[in-house]
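The values are calculated or read from the model by the stated rules, or taken from the named source; none is laboratory data. Fair warning: this is a prediction, and the values are worked out from it, not measured in the lab. Surface accessibility is based on the protein's heavy atoms, side chains included, excluding ligands, DNA and RNA. Shrake-Rupley method; radii C 1.70, N 1.55, O 1.52, S 1.80 Å.
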Amino acid sequence: ISVLFLTLLFLFIALFPGAFNCCMKISDEIPKGILRRVERFEIQKAHGLCHLEAVILHMKGKKFCVNPWNRKIKKLMKKMKHKIHRSKSHVKKQRRTRITK
């Protein structure tokens, strides 16, 4: 029976790898120290294998699940999107010069 259980477990992990990456609970309170260390964020929708809406804050080797309706989180997400957008818009295009004889 234990071999069958392990086989089914490995099959489930192979078919649904995201099932173990879902936030199972979220925090309404976010310490300032965490907000300062956020490198990126990810939005978890409440469908499929994940049954809870959340924002996943990624820090060095850690993740923190928070309420997506929190004002601080909305502000952080807007700021981070703006930063990413600005950095892309400052890339200068190289001009082609035409050499005539």
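Filter region 40-63 down to the residues that are of a type in the set (A, V, I, L, M, F, W, C) and over 11 Å from Cys22 (Cα atoms) and list them by number. First the steps, then the outcome.
If we filter region 40-63 for residues that are of a type in the set (A, V, I, L, M, F, W, C), which is where we start, we get 41, 43, 46, 49-50, 52, 54-57, 59.
Within region 40-63, Phe41, Leu57, Met59 qualify.
Considering region 2-34 alone, what residues qualify as being of a type in the set (A, V, I, L, M, F, W, C), open to solvent by 40 Å² or more (accessible area, probe 1.4 Å) and at pLDDT 85 or above?
In the first step, residues of region 2-34 are kept if they are of a type in the set (A, V, I, L, M, F, W, C); the result is 3-6, 8-16, 19-20, 22-24, 26, 30, 34.
Checking which are open to solvent by 40 Å² or more (accessible area, probe 1.4 Å) leaves us with 3-6, 8-16, 20, 24, 26.
Selection gives Met24, Ile26.
May I ask you to list the residues in region 53-71 that are over 14 Å from the mean Cα position of the chain (by Cα) and either open to solvent by 100 Å² or more (accessible area, probe 1.4 Å) or at pLDDT below 90 (or both)?
Step one: filter region 53-71 for residues over 14 Å from the mean Cα position of the chain (by Cα), giving 69-71.
Listed by number, the residues that qualify are Trp69, Arg71.
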